[in-house]
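Let me give you the structure first, and then I'll get to my questions.
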Amino acid sequence: MPKRRGKDDISPLWMLSRCLFRLSTRPAIRALGVALALVCFSGCGTTHSHHAPTPAAPAVRPTLPASAPAFGLTEDNAELLSNPNGSPGFVEFLAARRELTALHPTYLRLLVDWAALQPAPDRPPALEAPVNGCARTVGPCGVYAGIRAELAAIASQQRAAGVGHGGDFQVVIDVFGVPAWAARAPSGCERAGTASFSRPLAAPALVAYRALIRSLLALAAREGVSLRWWSPWNEPNDPIFISPQRASCASDSPPVSAAVYAQLSRAMAAELQTDGGGPHQLLLGELADSLSDSPHRTSIPAFVAALPPDVLCLSDVWSVHAYARREPAAASSPDPVQALEAALAARGGCARQARVWVTEAGAGAPHPGKPRPADAADEHAGCLALAAQLLRWHEDPRVDAVFQYTFREDPSFPVGLVSPDLSRLYPSYRLWLAWARLRAAGQAPPTPAAGCS
């Protein structure tokens, strides 16, 4: 998630740092092609100076087997998203740009931090505000023009692939972050230090929320990028993004966050229906991987159970976050994907046959989000755990897509594919690359040992 966090140790400083540094149906799944001459990178901890350039992708790709989930990626740095054969940009990003392009993500998830984009109500969202391009405070940095530059970079990838508005780099918009002027007053069971960033929207601010959606649609139209996929709010069952979760601090009290999410979902659906540049589709959920209830957090089953029936019918595609865990309790923990599928089945009706996307996955420390141990053996173990997850989801007929979070590693939530300074690839990059190459050839996925070698 745009969490940059561990689940239990987040502080309000995360929200401040995000604002400072961010001045920033089952679809037909196409193959994720990779050129036959693509050079295989050697070993974990590979440095860019040892890479051979990645060739351009072929314009025509074989059809993806119907059972294979599509690959998605979360990344918002325009320098990394641009096609390597286009504008040269900052030379420090070129090797990593080639590596990202080699993965040919079907979906590219863009995080829209509304709190950072519109700090005052009398000005529109600053969709072209300069972003420094650092990973927090880690270079290389390269200033780019915010969301406008991100969409322009994605357009360059779509043009290079020759697939227009389909195929690779289909944009998935994920909104989060309440501006201080748009937030309700404190209420319910909140943790100490909760800021306006996390609170529900005041009723009049729904108009501004819909205006944000319109501004994104207008910008995308100018940049020639289709915005089909829209998530109303990120991790609505987590107090970082909606607080309070409950009116009282009893863990079994009804979650008020479900009603807040329902309001946002209805508003987004209504706004998208007014746009003539569609098609548009909601991606419901974006649920944190919580499997038990607490005063400040809502489990996946409890959140889905509390949603109004009309919201369940706004889309037939749902999403959940699920990272590769290796701590002792992980072996006996339920899989968040299975928990979501069971919760949707329990609601019946529109939800029973909904498709599932895993919109945040990745491998880092044994407990995702904690600092990485500084050794290659642990990196390899994390890759193996992610590979095992991917194989389980490959066998699940309801899982349509799996997204890596993120490409460039965020130092505050280290589960990325390349180090924050862009100097070395983690073994999980090789795993995703192996999946992409075999998918493009219509072959079976790699074994964990082969994918992480």
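Below 8 Å between Cα atoms, with a sequence gap of 6+, how large is the relative contact order for the range 326-453 in percent? The partial results should precede the final answer.
Values: 172 pairs, mean separation 30.0, N = 128.
That works out to 23 percent.
What percentage of the solvent-accessible surface of the range 334-419, computed with a 1.4 Å probe over protein heavy atoms, is contributed by carbon and sulfur atoms? Write down the numbers at each step before the final one.
On the way: 1630 of 2690 Å².
Carbon-and-sulfur percentage of accessible area, whole number: 60.
Can you give the alpha-carbon Rg of the range 64-153 over 2.2 N^0.38 Å, where N counts its residues?
1.23
What FRET efficiency do you get for residue 180 and residue 145 if R0 is 22 Å and r is their Cβ-Cβ distance, rounded to the nearest 0.05? Don't jump to the answer; show the numbers that get you there.
Values: r = 25 Å, r/R0 = 1.11.
Here the calculated transfer efficiency is 0.35.
If you split all Cα-Cα distances of the range 309-436 into 5 Å bins from zero, what percentages do you get per bin, shortest first?
Cα pair-distance distribution for the range 309-436, in percent: 2, 11, 20, 22, 16, 12, 9, 5, 2, 1.
Using the Karplus curve 6.51 cos²θ - 1.76 cosθ + 1.60 with θ = phi - 60°, what ³J(HN,Hα) values do you get for each residue of the range 91-107, in whole Hz, with x for Gly and Pro?
Couplings: 4, 5, 9, 5, 4, 5, 4, 4, 5, 5, 4, 4, 7, 6, x, 5, 10 Hz.
Give, in nm to one decimal, the length gained when the segment between residue 375 and residue 270 is fully stretched (0.36 nm per residue of separation minus the Cα-Cα distance). Please list the in-between numbers first.
Numbers: separation 105, 0.36 × 105 = 37.80 nm, distance 4.99 nm.
Once the chain is fully extended between residue 375 and residue 270, it gains 32.8 nm.
Accessible area of the range 95-241 with a 1.4 Å probe: how many percent of it is carbon plus sulfur? Kindly include the intermediate steps, with their values, before the conclusion.
Details: 2590 of 4510 Å².
Of the solvent-accessible surface of the range 95-241, carbon and sulfur hold 57 percent.
Could I ask something else about it? What are the residues whose amide H is under 5 Å from the amide H of residue 246, where those residues sit 5 or more places off or on another chain and H is modelled from the backbone?
Counting only residues 5 or more places away or on other chains, the set is 189, 256.
Sort the range 280-326 into rounded, prolate or oblate with this rule: let a ≥ b ≥ c be the square roots of the eigenvalues of the Cα gyration tensor; rounded if a/c is under 1.5, and if a/c is not under 1.5, prolate when a/b is larger than b/c, oblate otherwise.
Details: a/c = 3.24, a/b = 1.39, b/c = 2.32.
Oblate shape, in that a/c is at least 1.5 and b/c is the bigger or equal ratio.
Quick check: from the Cα gyration tensor, does the range 249-313 come out rounded (a/c under 1.5), prolate or oblate? Can you show the working numbers first?
Details: a/c = 3.18, a/b = 2.48, b/c = 1.28.
Prolate, since a/c reaches 1.5 and a/b exceeds b/c.
Per-residue counts of other Cβ atoms within 10 Å, averaged by peptide: what ranking do you get for 201-208, 395-402, highest first? It would help to have the intermediate numbers written out before the result.
Details: 201-208: 15.0, 395-402: 19.2.
Highest-to-lowest ranking by the protection proxy: 395-402, 201-208.
Could you give the accessible area per residue of the range 154-218, probe 1.4 Å, as a whole number in Å²? Walk me through the numbers on the way to the answer.
Working: 2250 Å² over 65 residues.
Ligands and nucleic acids excluded, the figure is 35 Å² per residue.
Let me ask something else. Give me the percent of the accessible area of the range 273-328 that comes from carbon and sulfur atoms, probe 1.4 Å, all protein chains in place.
Working: 1090 of 1970 Å².
Heavy-atom surface of the range 273-328 belonging to carbon and sulfur, 1.4 Å probe: 55 percent.
The values are calculated or read from the model by the stated rules, or taken from the named source; none is laboratory data. Just so we're clear, the structure is a prediction, and the values are computed from it rather than from any experiment. Counting neighbours? That spans all protein chains shown, and the Cβs are built from the backbone with ideal geometry, glycine included. The area values use the complete protein model at the heavy-atom level, side chains included, leaving out ligands, DNA and RNA. Shrake-Rupley method; radii C 1.70, N 1.55, O 1.52, S 1.80 Å.
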